[in-house]
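See below for the structure under consideration.
The values are calculated or read from the model by the stated rules, or taken from the named source; none is laboratory data. All figures in this text were calculated on a predicted structure; none of them were measured in a lab. Cβ placement follows ideal geometry from the backbone for every residue including glycine, while neighbour counts extend to all protein chains displayed. Ligands, DNA and RNA are stripped out before the accessible areas are found, and what is left, the full protein with its side chains, is counted by its heavy atoms. Shrake-Rupley method; radii C 1.70, N 1.55, O 1.52, S 1.80 Å.
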Amino acid sequence: DNGDYFQGNPMGDWMAYEHGMNEGDIHPIIAAMNTLGYDAGTLGNHEFNYGIEFMDRVNAGANFPVVSANFGSALGATPTEDMLHTQPYVILEKMLTDGAGTEMPIKVGIIGFLPPQIMQWDRAHLEGNYAVRDIVEAAEAWVPRIKEEGADIVIALAHSGISASGYEPGMENAALYLAGVDGIDAVVTGHQHLVFPGTNHEGDGIDAEAGTLMGKPAVMAGFWGSHLGIID
């Protein structure tokens, strides 16, 4: 999952403002994701709308890791020295069946990113206690470590949109330039609530028909469960 998963409809507000999350409660959307068998998720900007404590209680019920490599309580001299709020990545061991029907093990690295602009959008919950790192800067530091730990492929869960306006540090929609980081094999994008492949994006490095960013497969699956992004 790409983030923005428990805010945005009346049920989300009711859980946050009326019902609340007590110790041991399972949020309805997390119950659904557990049932569907999600392998991993990342934080979007709207996860912060109800405060960090509420977010952490929601995520505590997940049967899958929630990863985010560029958000924490303090930044260090380098991204790998940041005091992150969640684990930056996870390596999942899976069995893959090839075209000939042969099973073989594969290690899939999954790393997550969120837009640095959360520090403005949810300043009341974050200011003075948390910090955010640039998406591409964090990726360039963490992805080599994932490869060193034996990941055969690396998938980036980027709660960040697609823009060909040129890379700028701290940019909100950095998925195109994230795809250009060595070692990343596929990108699951989001945040803009649009659909990719499709007619919403164009520019250098974007193939909206083939569904690639910098030559790497990528998806953006709309919003409100409108689409499912599949990378084969």
Quiz item: Is it the case that residue 172 is of a type outside the set (A, V, I, L, M), within 17 Å of residue 68 (Cβ to Cβ), out of contact with any Gly (no Cβ under 8 Å at 6 or more places or on another chain) and open to solvent by 10 Å² or more (accessible area, probe 1.4 Å)?
Solution: no
Exercise. Select from the stretch 82-114 the residues that are outside any loop (DSSP other than H, G, I, E, B) and under 19 Å from residue 134 (Cβ atoms) and write down the one among them that is most open to solvent (accessible area, probe 1.4 Å).
Key: 83
Self-check item: Condition met for residue 72 (modelled with pLDDT of 95 or more and either open to solvent by less than 40 Å² (accessible area, probe 1.4 Å) or under 15 Å from the mean Cα position of the chain (by Cα) (or both))
Solution: yes
Quiz item: On the given criteria, is residue 37 farther than 21 Å from residue 121 by Cβ and under 19 Å from the mean Cα position of the chain (by Cα)?
Solution: yes
Practice problem: Using the structure shown, decide if residue 138 is touching a Pro at 6+ places or on another chain (Cβ under 8 Å), open to solvent by less than 10 Å² (accessible area, probe 1.4 Å) and either modelled with pLDDT of 95 or more or under 30 Å from residue 8 (Cβ atoms) (or both). | Solution: yes
Quiz item: Is there a residue being under 16 Å from residue 114 (Cβ atoms) and either open to solvent by 30 Å² or more (accessible area, probe 1.4 Å) or part of a helix (DSSP H, G or I) (or both) anywhere in the stretch 25-46?
Solution: yes
Self-check item: Per-region count, the stretch 192-224, residues open to solvent by less than 50 Å² (accessible area, probe 1.4 Å) and of a type in the set (Ser, Thr, Tyr)
Solution: 1
Exercise. Examine the stretch 7-14 for a residue that is in contact with a strand residue (DSSP E or B) (Cβ under 6 Å, 6 or more places away or on another chain), part of a loop (DSSP other than H, G, I, E, B) and not hydroxyl-bearing (Ser, Thr, Tyr), and state whether such a residue exists.
Key: no
Practice problem: Would you please list the contacts, defined by Cβ atoms under 7 Å and residues six or more apart or on different chains, that run from a residue in the stretch 166-179 that is over 13 Å from residue 191 (Cα atoms) and aromatic (Phe, Trp, Tyr) to a residue that is open to solvent by 30 Å² or more (accessible area, probe 1.4 Å) and outside any helix (DSSP H, G or I)? | Solution: 177/167
Practice problem: Would you point out which residue out of 144, 79 is out of contact with any helix residue (DSSP H, G or I) (no Cβ under 9 Å at 6 or more places or on another chain) and either crowded, with 16+ Cβ neighbours inside 10 Å or more than 21 Å from residue 3 (Cβ to Cβ) (or both)? | Solution: 144
Quiz item: Which condition does residue 119 not pass, out of (1) touching a residue at least 24 places away in the same chain (Cβ under 8 Å); (2) under 22 Å from residue 66 (Cβ atoms); (3) open to solvent by less than 60 Å² (accessible area, probe 1.4 Å), if it passes all the others?
Solution: (1)
Exercise. Write out, first by first residue and then by second, each pair whose Cβ atoms fall under 8 Å of each other, whose residues are 6+ apart or on separate chains, and whose first residue, in the stretch 137-159, is among the aromatic types (Phe, Trp, Tyr) while the second is modelled with pLDDT of 95 or more.
Key: 142/69; 142/79; 142/80; 142/88; 142/89; 142/111
Exercise. Being aromatic (Phe, Trp, Tyr) and touching a Phe, Trp or Tyr at 6+ places or on another chain (Cβ under 6 Å) is the filter here, so list the residues in the stretch 90-122 that pass it.
Key: none
Quiz prompt | Single unsatisfied condition, residue 56 versus (1) touching a His at 6+ places or on another chain (Cβ under 9 Å); (2) open to solvent by 20 Å² or more (accessible area, probe 1.4 Å); (3) in contact (Cβ under 8 Å) with a residue 24 or more places away in the chain | solution = (3)
